[in-house]
């Protein structure tokens, strides 16, 4: 009897609690009037409060659930730089492109720049196709065909410097919000800017200093209808921070046991195990990334190519990691937002670490004028390894840097976006 009464009281308490929670105001149910002044919303006197469900997911993006992790080099530091020592940090959830920005996406960018802007800006946005040219190598076909030939449409764009990549992010923010203001939806599976193709070569249709989502939305309809307050515009597309990129590449969500907060397994690469080959199933023995196995060995021997690519590869080649991200190791290195400093790992904060322009560790500390250093405020980090790198650089913890106005045939990029309106 007592047990029955206890259950009844418990059920009543649960109903009371549910009823109490049901009456609380939320972002999607703010009520018809203010809970502090009682003034009715959306009247001549009251504040405008628009209907809000959630911000749509931007085209091409996948959700990266944040959390605690250990960043830093997981392998022996063969370069002896000691510039990414292990430390525990927390990364907030964010969004990231599922694949590298491809040639077709850059050609779309060039199309709209030529259509909407000046010839000067169009020329400034052109990738440097001469990055393929080598005095003692016959790469001439790539100089002419790699960017524009239809067969290379879904191969990663290269020859793009950091400044150009940053400008692309600002343009993409404005263009996506313009489309949203016109009634275009967010991304759907297999659609949007990054519509996934079934076969290679199939046809398909800022950050620091970049345009804000609100201003991009306001430009879209000319009336300011799309804005942050209305919740109908996307935040900035931007380059990921180094910490975000490394965290997304680790993809340790795939090793986490439910209900267990201990991270009992680490990864050298964005997949399980210590090998660069697939240990499972029908793909057993196949390489999991596009990289250089050794001197002169870019793809293996005819009839048994090890990674199937002499240069870059289809952006959806190789299995994705546990976040659903493709080619977070190999294919092309990728630009990130951070300015390079060798001691960033000990200088930056432990929540959403990021090294921005002109903060700490002054460039005067580095003797670039005397040719004793390459470090200044205009060198940016790139990560991930490429088709021309050995396996060591496939590890998420490795980092290198290059001048922000320089480009190579081994560096591309992908975009990221904050997870707006949440504390997770």
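Listed values, structure above:
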| quantity | calculated |
| --- | --- |
| Leading residue by the ranking (surrounded by the fewest Cβ atoms within 10 Å (Cβ to Cβ)) among those in segment 53-70 that are out of contact with any strand residue (DSSP E or B) (no Cβ under 7 Å at 6 or more places or on another chain) and farther than 22 Å from residue 414 by Cα | 53 |
| Index of the failed condition, residue 102 passing every other in (1) surrounded by 15 or more Cβ atoms within 10 Å (Cβ to Cβ); (2) within 30 Å of residue 260 (Cα to Cα); (3) in contact with a strand residue (DSSP E or B) (Cβ under 7 Å, 6 or more places away or on another chain) | (2) |
| Cross-chain or 6+ apart pairs with Cβ under 6 Å, segment 134-163 first and on the phi > 0 side of the Ramachandran plot, then surrounded by 14 or more Cβ atoms within 10 Å (Cβ to Cβ) | 159/127; 159/128; 159/129; 159/131; 159/407 |
| Residue 315 buried (at least 22 other Cβ atoms within 10 Å of the Cβ) and in a strand (DSSP E or B) | no |
| Qualifying residues in segment 371-381 (those that are in contact with a strand residue (DSSP E or B) (Cβ under 9 Å, 6 or more places away or on another chain) and assigned to a loop (DSSP other than H, G, I, E, B)) - the one surrounded by the fewest Cβ atoms within 10 Å (Cβ to Cβ) | 374 |
| Those residues of segment 252-282 which are touching a strand residue (DSSP E or B) at 6+ places or on another chain (Cβ under 9 Å) and either at pLDDT 90 or above or under 26 Å from residue 335 (Cα atoms) (or both), in sequence order | 252, 253, 266, 276, 277 |
| Matching residues in segment 250-266 - criterion: being touching a helix residue (DSSP H, G or I) at 6+ places or on another chain (Cβ under 9 Å) and closer than 21 Å to residue 352 by Cα | 263, 266 |
| Qualifying position, being in contact with a strand residue (DSSP E or B) (Cβ under 7 Å, 6 or more places away or on another chain), more than 22 Å from residue 66 (Cα to Cα) and surrounded by fewer than 17 Cβ atoms within 10 Å (Cβ to Cβ), among 285, 296 | 285 |
| Matching residues, segment 326-348, being out of contact with any helix residue (DSSP H, G or I) (no Cβ under 6 Å at 6 or more places or on another chain) and assigned to a loop (DSSP other than H, G, I, E, B) | 326, 327, 331, 332, 340, 341, 342, 343, 348 |
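Okay, residues lined up against (1) exposed (fewer than 14 other Cβ atoms within 10 Å of the Cβ); (2) touching a helix residue (DSSP H, G or I) at 6+ places or on another chain (Cβ under 7 Å):
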{"site": "369", "(1), (2)": "yes, no"}
{"site": "383", "(1), (2)": "no, yes"}
{"site": "389", "(1), (2)": "no, no"}
{"site": "397", "(1), (2)": "no, yes"}
{"site": "416", "(1), (2)": "no, yes"}
{"site": "420", "(1), (2)": "no, no"}
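Yes/no per residue for (1) modelled with pLDDT of 95 or more; (2) surrounded by fewer than 20 Cβ atoms within 10 Å (Cβ to Cβ):
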| residue | (1), (2) |
| --- | --- |
| 106 | yes, no |
| 118 | no, yes |
| 124 | yes, yes |
| 135 | no, yes |
| 151 | yes, yes |
| 156 | yes, no |
| 162 | yes, no |
| 177 | no, no |
| 188 | no, yes |
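The values are calculated or read from the model by the stated rules, or taken from the named source; none is laboratory data. No experiment lies behind these values; they were computed from the predicted model shown. Note that each Cβ is placed from the backbone with ideal geometry, even for glycine, and that neighbours are counted across all protein chains shown.
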